[in-house]
1. Does Lys96 count as modelled with pLDDT under 95, of a type outside the set (Val, Ile, Thr) and either under 20 Å from Val154 (Cα atoms) or open to solvent by 60 Å² or more (accessible area, probe 1.4 Å) (or both)?
2. Name every residue in the range 270-309 that is aliphatic (A, V, I, L, M), more than 15 Å from ligand 2 (Cβ to nearest atom) and either farther than 14 Å from Gln408 by Cβ or open to solvent by 10 Å² or more (accessible area, probe 1.4 Å) (or both), in order of residue number.
3. Please determine, by comparing only the residues of the range 428-457 that are in a strand (DSSP E or B) and within 16 Å of ligand 1 (Cβ to nearest atom), which one is surrounded by the most Cβ atoms within 10 Å (Cβ to Cβ).
4. Just checking, which of Ile609, Ile581 is surrounded by fewer than 16 Cβ atoms within 10 Å (Cβ to Cβ) and not charged (D, E, K, R)?
5. Tell me yes or no: at least one residue of the range 229-241 is open to solvent by 10 Å² or more (accessible area, probe 1.4 Å), at pLDDT 95 or above and part of a strand (DSSP E or B).
6. Can you tell me which condition Gly174 does not meet? The list is (1) more than 16 Å from ligand 2 (Cβ to nearest atom); (2) modelled with pLDDT of 95 or more, and all the others hold.
7. What are the pairs with Cβ atoms under 7 angstrom where one residue, in the range 269-286, is over 16 Å from Arg386 (Cα atoms) and the other, located anywhere, is among the hydroxyl-bearing types (Ser, Thr, Tyr) and more than 12 Å from ligand 2 (Cβ to nearest atom)? Sequence gap at least six, or different chains.
8. Suppose the filter is more than 28 Å from Lys15 (Cα to Cα) and within 16 Å of ligand 1 (Cβ to nearest atom); does Gly220 pass it?
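The values are calculated or read from the model by the stated rules, or taken from the named source; none is laboratory data. Everything quoted here is computed from the prediction, not taken from an experiment. Counting neighbours? That spans all protein chains shown, and the Cβs are built from the backbone with ideal geometry, glycine included. All accessible areas refer to the heavy atoms of the entire protein, side chains included, with ligands and DNA or RNA removed. Shrake-Rupley method; radii C 1.70, N 1.55, O 1.52, S 1.80 Å.
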Amino acid sequence: MDIDKKILDDESVEKLTALKNGYVLEIVEKYTKLCKPSKVTVITDSEEDIAYVRRLALKTKEESKLNMKGHTIHYDGYYDQARDKAHTRVLLPKGKKLSKHINTIDREEGLKEIEEIMDGMMDGKEMLVRFFCLSPLNSRFSIPALQITDSSYVAHSEDLLYRSGYGEFMNLKGSKNFFYFIHSAGELDKNGCTKNVDKRRIYIDLEENRVLTVNNQYAGNSLGLKKLALRLAINRSNNEDWLTEHMFIMGIKPEGKGRTTYFTGAFPSACGKTSTAMIPGQSIVGDDIAYLKIWDDGSCHAVNIESGIFGIITDVNPVDDPLIHKCLITPRELIFSNILINDGKPYWLGMGCETPDEGKNHSGLWKRGNKDAEGKEIPIAHKNARYTIRISELENVDPKADDVNGVQVNGIIYGGRDSDTNVPVAQSLNWSHGVFSGASLESETTSATLGKEGQRAHSPMANLDFIVVPLGKYIENHLKFGKSLSKVPLIFSTNYFLKGEDGNYLNDKIDKKVWILWAEGRVHNEYEVIETPIGFIPKYEDLKVLFHSVLGKKYTKDQYERQFSLRVEKLLSKLDRIEKIYSEEEVPEEFMNHFERQRRRLLEAKEKIGKEILSPFDF
Ligand code: SPV
Ligand code: MN
């Protein structure tokens, strides 16, 4: 390789050449020459190499030790606290078209712009070269992934979140069949945070299966294997015959029945995805990203492509999230980000105890009452502050979490943050109607992306931010996937955020346990249903028993009626909104027909029953 020995030493050269992969060498050489780091270090799967990264994160001050053994704190800059959708763009080759919602930039222009930013960007810094595997090692799902970064925090957190894959690159036997990611945090300020966020760019190159990302540290922007690989995998799977989804995978275990039924669930960021996967008494396989494939026996199998959790810490307390909370207060390898540290101890929003009036947080040195440059009072921690842990650290980890065959999925849930339209849980009429329900998902925006919160936004399959193929192609792939299965999972919609007329939530957080146990029972034909224009809803008697046995709660007819009534006008306007979006896309007719059918069913029921709000007892 044509790189000075002072920059890339013999040991690192040996580790690279042992892979016998010319393409890997080419990439390392190209970006070393472009970014001009003062040192390049290659990290294998060895414990020694991984420990080097952990130590480096402390040395570069991107992380600092806390009192508890193994715990560290990392800060992203004050303006780098969430995914930056505006500066995340797909590089579009001339003549190619994508859906309107996809943020694109001309490929040549984008590459020129970002390569100019990258020129000399790692000056004085150490570039790390790491190898990972998306999915369990050596599985039908595995996609090797090469990460090059000058951020030791990125390289360290990926070690908690993904499976090491140097061995997987060996198995490639020289093939170019892997994803790669080049990241630079850019110039850092005195707090170890990216300085030039105005030059933050995240450019996705589908032509080369790579993502170039600069001037950021927040994981959703910086970590190649997280939302960046998600976009590349969506492109690949939609050109093949499988699905890449923004989904948890969990085992649902109804008490006394001795069985585990696996479900996946798609929820927009900060809408209850992790907390559903963590419902006490169940088991977790993954909380964010899943690959789904058609198995030899005609069933659907899914894997968690990750092996850790990058979870929202806000509201993690002993009552609402007992298992995660326990993890956060006991010794283990763990990275907190963007919370308050006082005297080596961590504090965050909604932690359920008194918090100090000063310390260090995402704004630097902080005192209660401090205001930011916009005059807004700075809270003790950012709402989107996070923790990073290995899933294997959790006591509810599912025994099949690393199974090369994944798990057989029998149910799929789509859930949004919807205060006024959808019922808390409903089963779709069939796969095609379920795809329609998932593709019609709307959710109010949250702090997981930069920009205004609480705005209703269309969020098909909770995946819109990451869909880089035409929307119609994505929908068609879902319809085809279901048709190729002989054991078809049931599809459910949930809404944990429905409010009554007084503006108060109609459910407690924990009620979701009843909805998922009801859905699990449906997979085993255990409950009768009421057929309504929007799908099948539970019967009052079944929910009453479940609320009592699962939560020890009394569930009244009145509560049921308020939660499960169909708000016809709201449902109709939602249909209009969504139909308008899809009418501007090339979507299969089978899908478009659902709008008219659902509208007709609603209007007929309204006519027959003679009310605006249809009680479940009317059906
Ligand atoms: C999400 O926002 O969907 C997350 C966090 O899971 S991040 O990966 O940072 O985007
Ligand atoms: Mn996510």
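1. Working: modelled with pLDDT under 95: yes; of a type outside the set (Val, Ile, Thr): yes; either under 20 Å from Val154 (Cα atoms) or open to solvent by 60 Å² or more (accessible area, probe 1.4 Å) (or both): yes.
Yes, satisfied.
2. Hits for the range 270-309 are Ile279, Ile294.
3. Among those that are in a strand (DSSP E or B) and within 16 Å of ligand 1 (Cβ to nearest atom), it is Ser443.
4. Within the list Ile609, Ile581, the selection yields Ile609.
5. no
6. (2)
7. As it stands, the answer is Ser283/Thr260, since those pairs meet every condition given.
8. Here the answer is yes, as Gly220 does meet what is asked.
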